[in-house]
Amino acid sequence: ILGEAVATSTFDELKAARDIILRNNFKSIIVVTGDYHMRRALITAGWVFRKDGIVIYNICAHSQDFKPARWWLYEKGIRDVVFEYLGIGFYLAYHFMLGK
């Protein structure tokens with residue numbers, strides 16, 4: 001629905017999608033993203049749609065190289081999880097606390 005890349009972050013992508021969702025009177029959405037990224041995506045979607053009454057569902061697109069039950073055993077898993085938690089911290093500070 002969004003067509004060409006209109007955003008460079010999860011927050012911007014959800015804000016762009018919000019306009020389309022509200023314009024079409026959708027009542028729910030499905031957030032689809034990688035398993036290690038789902039937590040930040042749901043936090044962000046909850047924030048973006050907090051006043052709209054949109055029901056948010058989620059589906060994880062499982063990554064072949066990310067193992068949720070054993071991520072700490074692999075360098076890539078550690079890196080992915082650490083960067084996601086840093087991303088959550090950034091989102092909380094920048095978008096939610098500062099309102100940017």
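A few points about this structure:
- Failed condition for Asp35, given (1) in contact with a helix residue (DSSP H, G or I) (Cβ under 9 Å, 6 or more places away or on another chain); (2) free of Cβ contacts under 8 Å to residues at least 40 places away in the same chain: (1)
- Residue in segment 69-81 that is free of Cβ contacts under 8 Å to residues at least 24 places away in the same chain and closer than 19 Å to His95 by Cα present: no
Bear in mind that the values in this text are calculations on the coordinates, not laboratory data. Given the structure is predicted, the values throughout are model-derived calculations rather than measurements. So basically every Cβ, Gly included, is an ideal-geometry build from the backbone, and we count neighbours across all protein chains shown.
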